[in-house]
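The values are calculated or read from the model by the stated rules, or taken from the named source; none is laboratory data. Since we're looking at a predicted model, the values are computed, not measured. Note that we place each Cβ from the backbone using ideal geometry, even for glycine, and neighbour counts take in every protein chain shown. Remember, those area values only see protein heavy atoms, side chains included, never the ligands or the DNA or RNA. Shrake-Rupley method; radii C 1.70, N 1.55, O 1.52, S 1.80 Å.
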Amino acid sequence: MAEHKTMGIIIASGHSEAMGELTARRTIASVPVGGRYRLIDFTLSNMVNSGIRDVGIITRSNYQSLMDHLGSGREWDLARKIGGMVLLPPFSRSGSGIYRGSLEAIAGVLPYIKSVNAKYVVISDTNVMANIDLRKIIDYHIQREADITCVYRHGTLHGDNRDIISFGLAGDGRITDTSIVPSGNGEANVFLNMMVMERQLLIKLVSEVSSHGGYSFSKDVLQDRVDRLRLYGYHQQEYAARIEDLPSYMAANMDLLDASVRAQLYPRERPIYTKIRDEVPAKYGLSAQVSNSLVADGCIIEGQVENSVIFRGVRIGRGAVIRNSIVMQGSVIGGNVSLDYIIADKNVTIRDGRKLAGYLTYPVYLPKDITI
């Protein structure tokens, strides 16, 4: 395993716009998943489990819930007097306002990057749900003498592939082509928005490209310099879900109902850390029926729950039937309610007898604090 010191940069708000109402009042990094986690928990835990103790998180907008969740970083062992977790401002270095792309975001925090004594840097967005041993990627990067190593997963593209980057690869793993927003369906090597490079190279590239007006790392570095840089792809073979819209968010949560997926996401040797809440166990009434579902602490279940993810403190009334749905923290589902393919945000109240239905590829989203 690599022993060189590595720092982490997390871009907390990349791809938030594509999530619609789910990120209207929060950044994508703080989107709740799996009954008790936020998306940033996976990225942060991957770094901490790989020995990274200097992590800068670049904010952008709607980040109050993210700050509330992260606190001092204690749950990830990043509350330190030297190093640890640092929340970075969302302003571009040029003073022209909030950054337009990932490269401009990094340019705005170059003083922080220069201040950390690290050989390598891992840069990651927060829209991927995966458990990745970053030490293996760093070893791979060193062995191939790569300039930049990008993590990807081979998968199938469906329909609207906005914000997706795919790679053409040679037999040795070298990236020969970069396609941004590929169209149509089919197999592709999809970028997981995570990469490794030397810190000094990052500083050089960002300074050089931003001075010529570039602001997108994908377009102005990975695509424009694919022939000049040694770019390599690292294949993430275990489970990884790239969340880019409501259907992919729904699908990723439904994946967690599969025991084999949970085994890959939550191995004992690389736990996913999150903010701890002390709550009583879930309570099941005499009429409750629950199958193939995740039910968090503090819930009171008196109805029927199938193939669903139920967050902390949810109440489901007698006679209610919840199928293929996500119900977030503090929501109250009345008696004889029927939900199918619904995403109910925090503190949603659904009164007795209501019937709502969506579809796997078009789930119905209920905004936070709404009453139906």
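For the reader, a short list of remarks on this structure follows.
- Within the stretch 103-260: Cβ-based charge dipole about Cα centre, in debye rounded to nearest 20 (Lys, Arg +1; Asp, Glu -1): 580 debye
- Near Ser216, once Lys and Arg are set to +1 and Asp and Glu to -1 for all other residues with Cβ below 10 Å from its Cβ, the sum equals -1.
- Virtual spin-label span in nm between Leu157 and Ile300, 7 Å along Cα→Cβ: 5.0 nm
- With all protein chains in place and a 1.4 Å probe, the accessible surface of the stretch 213-286 carries 48 percent carbon and sulfur.
- Burial ranking of peptide ranges 4-12, 61-69 (average Cβ count within 10 Å, highest at the top): 4-12, 61-69
- For Leu192, neighbours were defined as the other residues whose beta-carbon sits under 10 Å from its Cβ, and their charges (Lys and Arg +1, Asp and Glu -1) total +1.
- Segment Leu286-Ala170, extension gain: residue separation times 0.36 nm, minus the distance between their alpha carbons: 35.8 nm
- Charge dipole (the stretch 153-280, unit charges on Cβ, about Cα centre) - positive-most of Val209, Asn189, Ser179: Val209
- Fraction of the pair-distance distribution of the stretch 225-281 above 19 Å, Cα-Cα pairs, percent: 56 percent
- Sorting the segments 195-206, 259-270 by their mean number of nearby beta carbons within 10 angstrom, highest to lowest, gives 195-206, 259-270.
- At q = 0.06 Å⁻¹, base-10 log of I(q)/I(0) for the chain (Debye sum, equal scatterers on each alpha carbon): -0.23
- Sequence-distant contacts, meaning Cα pairs under 8 Å at least 6 residues apart, place the relative contact order of the chain at 15 percent.
- The stretch 2-151 - charge dipole about Cα centre, Lys and Arg +1 at Cβ, Asp and Glu -1, debye rounded to 20: 340 debye
- Seen from every direction in turn and averaged, the convex hull around the alpha carbons of the stretch 187-252 projects onto 6.2 nm².
- Cα gyration tensor shape of the stretch 99-170, rounded if a/c is under 1.5, else prolate or oblate by comparing a/b with b/c: oblate
- Surface per residue (accessible, 1.4 Å probe) for the chain, Å²: 43 Å²
- For peptides 337-345, 70-78, sequence by mean Cβ density within 10 Å, most packed first: 337-345, 70-78
- Environment charge at Gly313 (Cβ cut-off 13 Å; Lys +1, Arg +1, Asp -1, Glu -1): +3
- Calculated [222 nm] ellipticity per residue, helices only, for the chain: -5000 deg cm²/dmol; basis is -39500 (n - 2.57) per DSSP H run with n ≥ 4, divided by all residues, nearest 500.
- Column: log10 I(q)/I(0), Debye, Cα scatterers of the stretch 193-307, q = 0.21, 0.23 Å⁻¹: -1.26, -1.33
- Dipole magnitude of the stretch 237-372 about its Cα centre (Cβ charges: Lys, Arg +1; Asp, Glu -1), debye to nearest 20: 320 debye
- Unsatisfied cross-links (Cα-Cα over 22 Å) in the set Lys5/Lys275; Lys136/Lys275; Lys275/Lys355; Lys5/Lys114; Lys81/Lys204: Lys5/Lys275; Lys136/Lys275; Lys275/Lys355; Lys81/Lys204
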